[in-house]
Amino acid sequence: MTQPLPPPSLTPQFCFNTVALRDFLRISRGATDDSITQNLNALIQPSTAGFDPSSTSTRIPRGPRSKTISSPSCRNFKTQVLFPSWQVRSDVLNYCASVATSPDPEDPEFVLRQAESERDRDRVVDERLDPYSARFFPREARTERLATILRQERGVENIIRARSWGLVMERCGEDWRDWEEALNEWRKGREKSC
């Protein structure tokens with residue numbers, strides 16, 4: 001069974017390094033969610049009876065529940081692999097969201113943005129001569145860029161979790177909750193045990 005990636009060391013530099021942030025999310029998703037079908041297939045117990053050559057003589061369509069995974073195996077997969085992986089990614093996204101909403105005294109482009117806005121205030125615009133001259137596109141602060149990236153990644157995360165949870169429900173067939181309820185219940189159980 002796949003093990004979730006260990007959490008990265010959370011620092012503001014990690015969050016502002018969007019390549020490292022996105023790489024961590026991509027690798028974590030690849031290890032758990034992108035390969036969820038293979039992970040679930042690995043939970044199926046091999047056949048106890050040997051191969052029967054007559055089974056290939058006629059095609060017998062099987063329903064979608066033909067390879068249901070045992071409840072203990074599914075429960076272990078969810079509690080030891082799936083939910084911990086989701087939780088680590090949630091922790092990273094939440095931490096980086098707090099960095100994005102905090103003031104950034106070490107912003108290397110702060111002085112440059114101040115100078116640009118100063119120049120824009122001093123500029124005289126004659127829209128009759130150039131209708132586009134009034135446009136001014138100030139540089140985004142790196143916290144704003146980080147917030148935009150985090151919004152995108154949260155959207156991706158919601159889509160991936162819904163898809164993964166749909167496959168888990170289809171293969172395990174025991175859980176009626178949506179992924180958010182199941183994850184929150186797992187979190188509560190984990191808090192009680194700590």
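The values are calculated or read from the model by the stated rules, or taken from the named source; none is laboratory data. These numbers come from a predicted model, not from an experiment. All Cβ positions, even for glycine, are placed from backbone atoms using ideal geometry, and neighbour counts span all protein chains on display. Ligands, DNA and RNA are stripped out before the accessible areas are found, and what is left, the full protein with its side chains, is counted by its heavy atoms. Shrake-Rupley method; radii C 1.70, N 1.55, O 1.52, S 1.80 Å.
If D33, D23 are ordered by their accessible area, calculated over protein heavy atoms with a 1.4 Å probe, which sequence runs from highest to lowest? Numbers along the way, then the final one.
Values: D33 0, D23 60 Å².
Output order, biggest surface exposure first: D23, D33.
Under a point spin-label approximation (7 Å from Cα along Cα-to-Cβ), what is the N41-R190 distance to one decimal in nm?
2.8 nm
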